[in-house]
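The values are calculated or read from the model by the stated rules, or taken from the named source; none is laboratory data. Keep in mind it's a predicted model, so treat the numbers as computed, not measured. Neighbour counts are summed over all protein chains in view; Cβ atoms, including those assigned to glycine, are modelled from backbone coordinates with ideal geometry.
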Amino acid sequence: MTQQSGALRVLVVDDEEGFRDLLRWELASAGMAVQTATSGDEGVDRLNESTFDVVVTDITMPKMDGLKLLQHVKETSPQTEVIVASAPSRPPCTRCATAPTISF
């Protein structure tokens, strides 16, 4: 799953700047090569520019949400792992539980 350099390449997609920056910092501190995107659309742009081992995405974002991004990733780069996250205060996503590409 890792690139030639040995660093895991991670794309973090979240419209909340504080969480996005915290996750970027934590993952980079663990030795991962991290890029960020502020929206699902920007995430698609990053995916078109580069390859990633893992995409971490918020589920609730304007325009393209995390499930649409998940679908795009699996259609264009099926080897890329996707982690879909949500704030703990949000109710469970019933669309997540029924999405065929997600394992719990």
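For this structure, a couple of remarks:
- The set of residues in the range 54-79 that are within 10 Å of the chain's Cα centre (by Cα) and either exposed (fewer than 15 other Cβ atoms within 10 Å of the Cβ) or in a loop (DSSP other than H, G, I, E, B) (or both) contains only Ile59.
- Every listed requirement among (1) more than 20 Å from Leu22 (Cα to Cα); (2) modelled with pLDDT of 95 or more is met by Pro62 save one, (2).
- The residues of the range 42-53 that are part of a helix (DSSP H, G or I) and either charged (D, E, K, R) or within 18 Å of Ala85 (Cα to Cα) (or both), listed by number, are Glu42, Gly43, Val44, Asp45, Arg46, Glu49.
- The single condition from (1) hydroxyl-bearing (Ser, Thr, Tyr); (2) modelled with pLDDT of 95 or more; (3) over 12 Å from the mean Cα position of the chain (by Cα) that Thr36 fails is (3).
- Of all residue pairs spaced 6 or more apart or on separate chains, none has beta-carbon atoms under 9 Å together with a first member in the range 22-47 that is farther than 12 Å from Leu11 by Cβ and a second member that is β-branched (Val, Ile, Thr) and modelled with pLDDT under 95.
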